[in-house]
Amino acid sequence: MKVEGFPSKSTISAIKRGFQSQCVSNVKLDGEDFVSKLLDRRWTLPHPDAKIHQVMLSTSKVSQPGRAFSDVSFFNKINPSFSHGLMDKDDREPSFYIVRDDLLHPLINGNKARKLDGLIPLVEDHSVTHVVTCGGCQSAHAAAVAVSCSERGLKSHLLLRGEQPEILTGYNLISTIYGNVTYVPRSLYANREMMLKSHADYLAGSIGSVIWFDDILEASLSENDGALSFLQKDAHRSDHPQKIVIVNEGAGDVVALLGLIRLVQYLSQNHILGKERPLKLVVDAGTGTTAVGLGLGAICLGLPWEVTAVMLADTIDGYKHQEKRLISDFKRHFGLQIDHCFDEIDRGLVHWVERCHPRKFGNVLEGEVEACQHIAQQTGILVDPVYTLAAWEMSTVLREQEAEGGATVVMLHTGGTLGMFGLAQRYKSYFSNLKAGLSN
């Protein structure tokens, strides 16, 4: 049996300093100072950097029926030269910029990496040994948690909705390789809170301890009681060899916003996108958390940026409800230090729009797989027909609308590469059409 001692004084001092640095003081701050203080914490990603490419467009007068973008040619400028925030010369040519968050990690979606950016360090600081979360069979979130935990010596337990597929592929395969997967009947999965708690209690047994991630977050935001509570738990961790934390489905909680705000701060530097020029920042919306985080970052920093989110999985009422919930949680946790932008925040952060071709979430329309192929062959950028193709389509539409001296269009590529493998099983006829190639 592994025996663990009490933490040393140096360790306790380091923990206290960690809690102080991860807390935001009650002093009123302006936007940039507030964001800098908010982001003064440990992160999962060593740097917030992201590659930015520029996609040039040219349109012919003849299109091929049933093939999206068949009349559009793309060219990817992988090393655009920024001047005063953005290029003036090339902006006169039809183009939009693309933030390549899909390149952050070979197995973790960009938006998932951003959401976990502030979460994983808090889990580590709490000496957690096991993480329990849930998702669909092809959950990008579950795969991201599994890989992130394995990289840090933590064990992940993933409750996936439905039955095990005949062939493991995509995110499901990665979840199975990196984590401990349990398939849960849909009837039981419907009550996620009970399902997660029951499984965590089962893993803890009689000697382990279970905590919700929300409780860890609350403790991290308290300079006194939270730090003391943590130190007491850490000092007695030999009594609880297994510490299990429950992370909600999709990690769509307030802590997920911090990684997106960190990204906005990085992008707004003068030598990148800058702070002065109007931007339309386009992103696909699953839960909508990524879009809200981007919007919060833009408003807190006083940027003339509008976040346009393409609705994929819910109604506009559902997304606005999610936006209000996240704003409320953000203000409750961090809002004592800033009030100059609350009116603007309360008026809304995100411009929610329908997809160019609406459909039931998860469905793929004829011609969209070929559209992804068309983009990939001309730019080297892989988009998927469920998520990122929707953002790409909207970026081209907005670029046309903003052609005459309007806002610069910037797409956030959230990832989704592994999702293509699962779609290839589900839509075999669509993918079999790729064998013929684009020339036919």
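The values are calculated or read from the model by the stated rules, or taken from the named source; none is laboratory data. Not measured: the values here are computed from a predicted model. Neighbour counts are summed over all protein chains in view; Cβ atoms, including those assigned to glycine, are modelled from backbone coordinates with ideal geometry. Please note that ligands, DNA and RNA were not included when accessible areas were found on the heavy atoms of the full protein model with its side chains. Shrake-Rupley method; radii C 1.70, N 1.55, O 1.52, S 1.80 Å.
At 1.4 Å probe size, with every protein chain present, just tell me what the per residue accessible area of the range 325-430 comes to in Å². All intermediate terms of the calculation are to be shown ahead of the outcome.
Working: 4700 Å² over 106 residues.
Value returned for the range 325-430: 44 Å² of accessible area per residue.
Round to a whole number: what % of the accessible area of the range 244-298 belongs to carbon and sulfur, probe 1.4 Å?
Roughly 48 percent, rounded to a whole number.
Just to be sure I understand: of the beta bridges DSSP finds with both ends in the range 254-382, what percent are antiparallel, rounded to 5?
Close to 0 percent.
Can you list the residues, at least 5 places off or on another chain, whose amide H is less than 5 Å from the amide H of residue 96, using H built in the peptide plane?
55
Could you sort the peptides 423-429, 407-413 by per-residue average Cβ neighbour count (10 Å cutoff), highest mean leading?
On the way: 423-429: 14.6, 407-413: 24.4.
Descending packing order for the listed peptides: 407-413, 423-429.
Starting from the Cα coordinates of the range 130-217, work out the convex hull volume and express it per residue in Å³. Intermediate results must be reported in sequence, preceding the final value.
Working: hull volume 8.6 nm³, N = 88.
So the per-residue Cα hull volume is 98 Å³.
Ignoring ligands, DNA and RNA, what accessible area per residue does the range 248-309 give at 1.4 Å, in Å²? Mind showing how you got there, number by number?
On the way: 1440 Å² over 62 residues.
Dividing the accessible area of the range 248-309 by its residue count gives 23 Å².
In the structure shown, do any of 115/428; 197/360; 115/320; 197/243; 37/331; 51/275 have a Cα-Cα gap over 21 Å, and if so which? Present the calculation step by step, with values, prior to reporting the outcome.
Numbers: 115/428 32 Å; 197/360 31 Å; 115/320 19 Å; 197/243 13 Å; 37/331 15 Å; 51/275 18 Å.
Going by Cα-Cα distance, 115/428; 197/360 fall outside the 21 Å limit.
Taking amide H positions as placed 1.01 Å from N in the peptide plane, with prolines and chain starts having none, which residues 5 or more places from residue 280, or on another chain, fall under 5 Å of its amide H?
Under 5 Å from the amide H of residue 280: 306, 408, 409, 410.
Mean separation of Cα pairs under 8 Å and 6+ residues apart, divided by the residue count of the range 285-373: what relative contact order is that in percent? Before the final figure, lay out the partial values.
Working: 80 pairs, mean separation 35.2, N = 89.
This gives 40 percent for the range 285-373.
Mind listing the phi-derived Karplus ³J(HN,Hα) values for the range 307-324, rounded to whole Hz, using 6.51, -1.76 and 1.60 with θ = phi - 60°, and x for any glycine or proline?
Using θ = phi - 60°, the values come out as 8, 10, 10, 8, 6, 10, 10, 8, 7, 5, 5, x, 5, 5, 5, 4, 4, 5 Hz.
Whole-Hz ³J(HN,Hα) for each residue in the range 196-205, computed from phi via Karplus 6.51 cos²θ - 1.76 cosθ + 1.60 with θ = phi - 60°, x for glycine and proline: what do you get?
These are the phi-based 3J(HN,Hα) values: 5, 5, 4, 5, 5, 4, 4, 5, 5, x Hz.
Sorted by packing (mean other beta-carbon atoms within 10 Å per residue), highest first, where do 277-284, 356-363 land?
Going by the mean number of other Cβ atoms within 10 Å, highest first, we get 277-284, 356-363.
Among 187-196, 107-116, how do they line up from the highest to the lowest mean number of other beta-carbon atoms within 10 Å?
The densest-packed peptide leads the list: 107-116, 187-196.
Rounded to whole Hz and in sequence order, give me ³J(HN,Hα) for the range 161-166 from the Karplus expression 6.51 cos²θ - 1.76 cosθ + 1.60, θ = phi - 60°, writing x for Gly and Pro.
Once rounded to whole Hz, the list reads 6, x, 9, 5, x, 5.
Give the long-range amide H neighbours of residue 157: residues separated by 5 or more places, or on another chain, with amide H under 5 Å away, using H modelled in the peptide plane at 1.01 Å from N.
Under 5 Å from the amide H of residue 157 lie the amide H atoms of 131, 132, 133, 180, each far enough along the sequence or on another chain.
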